[in-house]
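As structure tokens, the structure follows; a few thoughts come after it.
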Amino acid sequence: MAVLEIVDDCLAPERHIFLTYTGPNPWGVAEKITNLIEPFFHVSASGTGNDIINWDVVGDQISFYSHWWVKKKFSAHSTMKVDLRIIGKQHKTTGEGYFRLRITADLVTQFSTFGFLLKPLWYLYSYFFYNRIRRRFIERCREMLHRFRDELKEHYDLKYTEIPAGAVVG
């Protein structure tokens, strides 16, 4: 079986959404954001995960980093994959600190069949049917991310930041 995979950036021409928080208990705010992921994207526990949590408690500042992902099926062939990363610091005694949240998303379309049939079948299928649907999925993905950004900004007083073109983003 041959597999054709197309990956579309949902936020093009920008690649990321950046939000920053400054205030008391930044890790507590980050945990509350985690609790919003499942209900907002309408996914089950198997559609989301937190695969990295790093802490550095040396010194006056507690540094933290965390990575979450979300996978939401739009159709039998297309899946939205969202990547959320938080990096921040919190003062040990005062509890004040900050974090930066980076949100990225892709729409992954996979189509598989026998190798010699893959190309002609995909061209016919996409030309007559799937290109319009895939375009709507990309728009739906972008709208969901912008609504998520707006909800976070409203509830947790996060600030939207823009990173200059050409800047290295981790």
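The values are calculated or read from the model by the stated rules, or taken from the named source; none is laboratory data. Nothing here was measured: the structure is a model prediction, and the numbers come from that model. Every residue, glycine among them, receives a Cβ derived from its backbone with ideal geometry; neighbour counts consider all protein chains shown.
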Q: Determine, yes or no, whether Val82 is in contact with a helix residue (DSSP H, G or I) (Cβ under 6 Å, 6 or more places away or on another chain), within 23 Å of His16 (Cα to Cα), in contact (Cβ under 8 Å) with a residue 24 or more places away in the chain and not polar (S, T, N, Q).
A: no
Q: Take Lys89 and decide whether it is surrounded by 11 or more Cβ atoms within 10 Å (Cβ to Cβ), basic (Lys, Arg) and free of Cβ contacts under 8 Å to residues at least 40 places away in the same chain.
A: no
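Take the residues in the range 18-32 that are touching a Leu at 6+ places or on another chain (Cβ under 9 Å) and of a type in the set (Ser, Thr, Tyr), then tell me which one is surrounded by the most Cβ atoms within 10 Å (Cβ to Cβ).
Quick first cut of the range 18-32, residues touching a Leu at 6+ places or on another chain (Cβ under 9 Å) only: 18-21, 29-30.
Keeping just the survivors that are of a type in the set (Ser, Thr, Tyr) gives 20-21.
Working: Thr20: 14, Tyr21: 22.
Looking at residues that are touching a Leu at 6+ places or on another chain (Cβ under 9 Å) and of a type in the set (Ser, Thr, Tyr), I get Tyr21.
Wholly within the range 33-97, which strands (runs of 3 or more DSSP E) include no fewer than the required count, namely at least 1 residues that are under 18 Å from the mean Cα position of the chain (by Cα), modelled with pLDDT under 90 and not hydroxyl-bearing (Ser, Thr, Tyr)?
Details: elements: 48-56, 61-73, 78-91.
Ranges flagged: 48-56.
Could you please give the count of residues in the range 9-26 that are under 22 Å from Asp157 (Cβ atoms) and touching a Lys or Arg at 6+ places or on another chain (Cβ under 9 Å)?
Qualifying residue count for the region: 8.
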Q. Only one of (1) surrounded by 16 or more Cβ atoms within 10 Å (Cβ to Cβ); (2) of a type in the set (Phe, Trp, Tyr); (3) part of a helix (DSSP H, G or I) is not met by Tyr123, so which one is it?
A. (1)
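Can you confirm whether His146 is more than 22 Å from Arg15 (Cα to Cα), surrounded by 11 or more Cβ atoms within 10 Å (Cβ to Cβ), at pLDDT 80 or above and not hydrophobic (A, V, I, L, M, F, W, C)?
On the way: more than 22 Å from Arg15 (Cα to Cα): no; surrounded by 11 or more Cβ atoms within 10 Å (Cβ to Cβ): yes; at pLDDT 80 or above: yes; not hydrophobic (A, V, I, L, M, F, W, C): yes.
Judged against the criteria, His146 is not a match.
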Q. Pro39: in contact (Cβ under 8 Å) with a residue 40 or more places away in the chain, farther than 17 Å from Cys141 by Cβ and of a type outside the set (Gly, Ala, Ser), yes or no?
A. no
